[in-house]
Structure formats: structure tokens, C-alpha cells
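For reference, the structure discussed in these notes is given below.
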Amino acid sequence: MKKYALIACTLATFLYTNVSSAQTITLDKTTKLVPIGWSVAEDIKFQKETPVELTPDGQVVSGTLDEDTYLRPTGWRNMINDFYYSAASPAMYPPFFWEPFDDDWGPGPMPAMLVPTYKHARYKGGTPITFASDGTVISGTLDEDITLSLQKGKYGFVNFKGDNLITFYPTGAIQTATLADDTRLRPVGWQNNTLDTSAGFVEFKGGTQISFTQDGYVTSGTLNENTLWFNTNGSSATLPPKTVVNFTPAGIEVAD
């Protein structure tokens, strides 16, 4: 997680180096603030006794959420699952996305219903969050699994695990996250590994951290099975399961 925290800090620095006179304050109480880039203010609560980075006009660049909150991720256009299940009376209309019905509401069990999230994901309360200049979340900890398409114009989507940090490139492409399932993906350098029937795909282990290029190719991940890999220079290596590998244009680097 230290690696992911560094990535989040780097993203924040990159995105807001041009914001003059930005300030960081420590909240003395739970406070409702407006994130940067929002055109309509909603009740987003930030946790007391935590630092908040603000623009000169008082908009939040980064802070710590006070409670689980539905927000739109920078990669919202790539989201596949755009509904959540809620217990609700069939005679009632769906609530807006960040105020779901309480499953314990009413005198007895309620039938399940689908409620649209409008391309929002639920982020975990008590965790840091960073906003992009358009008001979307570029870095934050998910409170639920999320499914995203990986490469624009190509079929394929990946389930990412909740309770883990997820970050995006400013373009909306996934940068870092944690796989929810064992998943076969193409790493950087896959073109040198198409001699067998794998077509350059490698299986990565569910529940482990993974990172991508902006084009959706793996730059770092944990292998799930024995893997024979060929580098650009023609050298090769057979790697065992649970090996963390960094993939570069020059070849692989096995993490310590």
C-alpha cells in the first residue's frame, strides 16, 4: 500500500502544480465541503481531525471521507456495473444514488430492486481521496467491487476488488488497482510471447495489486501460474506462481 500511497501523492502533485496558493488545513470537526470541478454542491462530508487540501477558492483537492460515499471515478466512462441492489418496497420510487434504502427499513423483508448509480462508485469512509480537475475521483479506496472495460474499442473487462485503492490516469484509463479474480491479461512485451497458444496473455492472481499503461497493458502484477517469458533480446525465463513481475519494453524485472 506504500507504493499506492506514493502514486496517489504523485498524482495530486501532478494535477495541481498549477493551482497557486493552494492550502492544507486540518478540520476541527466533520465538515461539508465541495470538491474541485463541481458545478452543483452536494453534502460531501470530510472527517474531523484530518488534513484537507483546498484550492484558493475553498474547493477540495484531497481529503479524508467521513463516511461511505458514492462519487464518480475519473474512469466512469469505462464502468460496466452501473446498478446496485437495494431492499425496497415496490410501491416506492428509487432513491438518488447516494441515499439507498436502508435494508432494515419497514416492518419486514423487502424485495430487492435495482437502483442506478449514474456511473458512480462507492468510496470507503475514513480513507483519503483525491479529485481530478473535472470533479471526478482520480485516487481513492473502493468500498465495493467495480468492473471496468480495459482498452478503448476492444472487448474485455476486469473486476477490481473493493476495500483497496484504485487510481486512474487523467485520461480515465485505469492505472493501479487490486484484481478481484484470477485474470488473463497482456503485459508490456506481449508481442514477444505469441509462439504458443497463449496469444501473449498471462494469468495474474486475484486479490493482488496490478498496474497498467494508459493503453491497458500490465506493467506490474503477481503471476498465478508457471510462466515462460521471452524478452526483446531473445532471452527467456520460467517464473513460478506468486512472483511479482515488472514488465518493461526492455524485458521483465522480478520484484524482491
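Computed from the coordinates by the stated procedures, all read-outs in this text should not be read as laboratory data. Bear in mind that the values here come from a model prediction, so they are computed numbers and not experimental data. All Cβ positions, glycine included, derive from the backbone under ideal geometry; neighbour counts span all protein chains shown.
Near Gln214, once Lys and Arg are set to +1 and Asp and Glu to -1 for all other residues with Cβ below 15 Å from its Cβ, the sum equals +3. Packing, as the average of other Cβ atoms within 10 Å across residues, places the peptides 227-237, 124-134 in the order 124-134, 227-237, highest first. Amide H contacts of Thr227 (H built 1.01 Å from N, in plane; Pro and chain starts excluded): Leu239 sit under 5 Å, all sequence-distant by 5 or more or on other chains. Each of Lys152 and Asn231 was given a label point 7 Å from its Cα along the Cα-to-Cβ line. The distance between the two points is 3.3 nm. The 3J(HN,Hα) values that the Karplus relation (6.51, -1.76, 1.60; θ = phi - 60°) gives for the stretch 35-44 are, in residue order, x, 4, x, 8, 9, 10, 7, 10, 7, 9 Hz. Gly and Pro appear as x.
Ordering of 136-147, 27-38 by packing is 136-147, 27-38, highest average first (other Cβ atoms within 10 Å, averaged per residue).
Peptide packing: for 196-205, 173-182, the average count of neighbouring Cβ atoms within 10 Å per residue gives the ranking 173-182, 196-205, highest mean first.
Backbone amide hydrogens, once placed in the peptide plane, bring Asp68 within less than 5 Å of Gly125, excluding anything fewer than 5 places away on its chain. Placing +1 on each Lys and Arg Cβ and -1 on each Asp and Glu Cβ, with no other charges, gives the stretch 152-207 a dipole about its Cα centre of roughly 200 debye.
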